[in-house]
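Novice: So that we are looking at the same thing, I have put the structure below in structure tokens.
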Amino acid sequence: MAKYAILIYEDLTKYSTMSPEGWAALVDAHSTFVNKVFELGGSLAGGEALGGASTATTIKGGTVTDGPFIETKEALGGFYVVEARDLDHAIEMARWCPASLGGVEIRPVVDPTTNPF
């Protein structure tokens, strides 16, 4: 099975006004997603929530700056790595990934010993 990263991009500023009930519903939705991955015959190889874009540190051309690389409304807020038969299988799983404040991006995880480009 191949590995795919499901990258969650959302407007993270919306979380600061989310009610406790809304947060609990979001956590439940992520639990449902994880269960659905296994139900669909995939497996979970990892995943984490990330700190907000304001906590990012960027290095470009040797210069270190606080904050995200670019100004954008949506930022990378978390990710999962799933094992799937193929891209279509990964897409089937990613459709269940909660991202009501944005969307998800799916990318294959590549073998660093070969040039995938």
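Novice: From the phi angles alone, apply the Karplus equation (6.51, -1.76, 1.60; θ = phi - 60°) to the stretch 5-17 and give each ³J(HN,Hα) in whole Hz, x where the residue is Gly or Pro.
Specialist: 8, 9, 9, 9, 10, 8, 7, 5, 5, 5, 5, 5, 10
Novice: With a sphere of radius 9 Å drawn around the Cβ of A45, what net charge do the other residues whose Cβ falls strictly inside it have (Lys, Arg +1; Asp, Glu -1)? Could the numbers behind the result be given before it?
Specialist: Numbers: positive: K3; negative: E83.
Combined, the nearby Lys, Arg, Asp and Glu give 0.
Novice: Hey, any idea what % of the chain's accessible area is carbon plus sulfur with a 1.4 Å probe?
Specialist: Details: 4310 of 7680 Å².
About 56 percent, which is the carbon plus sulfur part of the accessible surface.
Novice: List the extent of the Cα atoms of the stretch 70-115 along each of their three principal axes, largest first, rounded to whole Å.
Specialist: 34, 26, 13
Novice: Moving to a separate point now. Would you kindly compute the Cα radius of gyration of the chain and its largest Cα-Cα separation (Dmax), both in Å?
Specialist: 15.7, 46
Novice: Then there is this: What's the Cα-based Rg to Rh of the stretch 41-107, Rh via Kirkwood? Please list the in-between numbers first.
Specialist: Numbers: Rg = 14.7 Å, Rh = 13.9 Å.
Taking Rg over the Kirkwood Rh, I get 1.06.
Novice: Still on this structure: Hey, can you find the accessible area per residue of the chain for me, probe 1.4 Å, expressed in square angstrom?
Specialist: For the chain, the solvent-accessible area averages 66 Å² per residue.
Novice: Suppose only helical runs count, i.e. DSSP H with n ≥ 4. What mean residue ellipticity at 222 nm does that imply for the chain under -39500 (n - 2.57) per run, divided by all residues and rounded to the nearest 500 deg cm²/dmol? Please report the intermediate quantities before stating the final value.
Specialist: Working: 2 runs with 28 residues, N = 117.
It comes out at -7500 deg cm²/dmol, rounded to the nearest 500.
Novice: Here's something else I'd like to know. Rounded, prolate or oblate: which fits the stretch 1-46 when a ≥ b ≥ c are the square roots of the eigenvalues of the alpha-carbon gyration tensor, with rounded for a/c under 1.5 and prolate only if a/b beats b/c?
Specialist: Details: a/c = 4.53, a/b = 1.82, b/c = 2.48.
Verdict is oblate for the stretch 1-46.
The values are calculated or read from the model by the stated rules, or taken from the named source; none is laboratory data. Source: prediction; values computed, not measured. Heads up, the Cβs are rebuilt from the backbone with ideal geometry, glycines too, and the neighbour counts pull from every protein chain shown. Please note that ligands, DNA and RNA were not included when accessible areas were found on the heavy atoms of the full protein model with its side chains. Shrake-Rupley method; radii C 1.70, N 1.55, O 1.52, S 1.80 Å.
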